[in-house]
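Everything below concerns the one structure shown next.
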Amino acid sequence: MGFLKTLDRHADLMNRMGETLHADLAEALSHEAISAQELRNAILACVGCEGGDDCPDWLDRHPEGADDTPGYCRNRAMLLRLRERL
């Protein structure tokens, strides 16, 4: 998979994780709860996550939402912080 497709895949995973935790990343950007650079860094952290292959299945198992991320999520703290701020 090319690097740009990898970035797109993980950006999608980040959006889905945000939705699952009720932490809308687009809303966070528009309300300046997170900067564009922080979001880019989070996507890159997601790219490097060892649990990335398990993430789509985890998200599919939580269609109604979740209180927390899976333990391997590198963006857990940021997503939970955003959920509290929005």
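For every other residue with a beta carbon closer than 11 angstrom to the beta carbon of residue 1, add +1 if it is Lys or Arg and -1 if Asp or Glu, then tell me the sum. Walk me through the numbers on the way to the answer.
Working: positive: 5, 9; negative: 8.
Once positives and negatives cancel, what remains is +1.
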Checklist entry - If the chain between residue 57 and residue 4 were fully stretched, how many nm would it gain, using 0.36 nm times the residue separation less the Cα-Cα distance? => result 16.9 nm
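Mind listing which chymotrypsin sites (Phe, Trp or Tyr not before Pro) in the chain are in a DSSP loop and have 13 or fewer other Cβ atoms within 10 Å? Walk me through the numbers before you get to the answer.
Values: sites: 3, 58, 72; in loops: 72.
In loop regions of the chain (DSSP not H, G, I, E or B), the sparsely surrounded chymotrypsin sites (Phe, Trp or Tyr not before Pro) are 72.
Within a Cβ distance under 11 Å of residue 31, other residues only, what is the Lys/Arg minus Asp/Glu net charge? Mind dumping the intermediate values first?
Working: positive: 85; negative: 24, 27, 32.
Taking every other residue near residue 31 into account, the sum is -2.
Please go through segment 1-75 and write out the GluC sites (Glu not before Pro) that DSSP classes as loop and that have at most 15 other C-beta atoms within 10 Å.
Numbers: sites: 19, 27, 32, 38, 50, 64; in loops: 32, 50, 64.
In loop regions of segment 1-75 (DSSP not H, G, I, E or B), the sparsely surrounded GluC sites (Glu not before Pro) are 32, 50, 64.
When the helices in the chain are scored as -39500 (n - 2.57) per DSSP H run of 4 or longer and the sum is shared across all residues, what 222 nm value do you end up with, to the nearest 500 deg cm²/dmol? Provide the component values of the computation, followed by the final result.
On the way: 5 runs with 52 residues, N = 86.
Computed mean residue ellipticity for the chain: -18000 deg cm²/dmol.
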Checklist entry - What percent do you get for the relative contact order of the chain when only Cα pairs under 8 Å and 6+ apart count? => result 43 percent
Checklist entry - Out of these labelled values of Cα extents along the principal axes in Å, (i) 34, 28, 17; (ii) 55, 23, 13; (iii) 42, 26, 17, which was calculated from the coordinates shown here? => result (i)
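We did not get these values from a lab; they are worked out from the coordinates using the rules stated. Keep in mind it's a predicted model, so treat the numbers as computed, not measured. Counting neighbours? That spans all protein chains shown, and the Cβs are built from the backbone with ideal geometry, glycine included.
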